[in-house]
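The values are calculated or read from the model by the stated rules, or taken from the named source; none is laboratory data. The structure presented is a predicted model; accordingly, all values stated were derived computationally and were not measured. All Cβ positions, even for glycine, are placed from backbone atoms using ideal geometry, and neighbour counts span all protein chains on display. Keep in mind that these areas ignore ligands, DNA and RNA; they rest on the heavy atoms of the full protein, side chains included. Shrake-Rupley method; radii C 1.70, N 1.55, O 1.52, S 1.80 Å.
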Amino acid sequence: TGALVIDGYPDGAVTYDFDAGSSSITGVPASICGSTIQPSFTLVNQGVQTLNTCVIHYSINGVEQTQNWSGSLAQNQSTTINLPTLTASNGSNTLLIWVTNPNGNADQNAGNDQTSVTFNAITGTTVNAAVSITFDNYPEETSWEITNSQGNVLLSGGPYANQADGSTLNLDVCLALGCYTFTIIDEYGDGICCQYGNGAYTVTNQFDQSVATGGSFADSESTDFCLTATSIDE
């Protein structure tokens, strides 16, 4: 269009008198062992008028609850809101949080009203397995995941850019009794042993028995394993 300059924030930005927003859900890991969560989120006043009241809505898998909020937030100020303990279902869950009725008025900007997070809940009989990874000289290339028999990713980690070269990471993982696949991935395609460091990985069950181990592979390596109620192989 030939324009060389456009207005930036705040000059030239569109502002509204009543504009409450939600963001940054915390307290909800990607996978939980059990059925309860205690989430928090950030309530932001992006309106010109000081925010004194609004209605907070939240739902897990479509079951909605509400609570009223009152306080004092000037424009662009925020506060952390702690929600009550919520109950999740076994498997994949979606927590949705949104805000309405700033100061009793219609919100003039619906684009920032809601935020959401998806997480996996493992309920019923669970066991604590473990994943141990000793990295090569390039931890930033390594990631992993555990999938169920349907191919759904239940747990994952990496890449590990902040992990020291050659260091060892030990992780506890919660899983229900059943069968799974552990997959380790190297972004560069040369595994984690032994050309650029002596890396290795081990997955152990609740009886400290190894169910997956290795280190020499190319792009990835997958191992099927089952968690049973006893330590005796079928």
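What does the net charge come to around GLN108 if you take all other residues with beta carbon closer than 12 Å to its beta carbon, with K and R at +1 and D and E at -1?
Details: positive: none; negative: ASP17, ASP19, ASP107, ASP113.
Within the 12 Å Cβ shell, the charges total -4.
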In Hz, Karplus ³J(HN,Hα) per residue of the range 45-61 (6.51, -1.76, 1.60; θ = phi - 60°; x = Gly, Pro): 9, 9, x, 5, 6, 4, 7, 10, 9, 6, 10, 9, 10, 8, 8, 10, 6
Any idea what the dipole of the chain comes to, in debye rounded to 20, about its Cα centre with Lys/Arg Cβ at +1 and Asp/Glu Cβ at -1? 820
Local charge sum around GLU140 (other residues, Cβ-Cβ under 10 Å, Lys/Arg +1, Asp/Glu -1)? -3
Express the Stokes-Einstein translational diffusion coefficient of the range 86-234 in µm² s⁻¹, to the nearest whole number, given a Kirkwood radius over alpha-carbon pairs, 10 °C and a viscosity of 1.306 mPa s. 90
Among THR181, THR94, THR15, residue whose mean-square fluctuation peaks in a GNM of the chain (springs only between Cα atoms under 10 Å): THR15
From the mean inverse distance of alpha carbon pairs (Kirkwood) and the Cα radius of gyration, derive Rg over Rh for the range 1-111. 1.09
Identify which of CYS194, CYS174, CYS33 has the largest mean-square fluctuation in a Gaussian network model of the chain, with springs joining Cα atoms closer than 10 Å. CYS194
Keeping all protein chains in place, calculate the accessible area per residue for the range 1-147 (probe 1.4 angstrom), answer in Å². 51
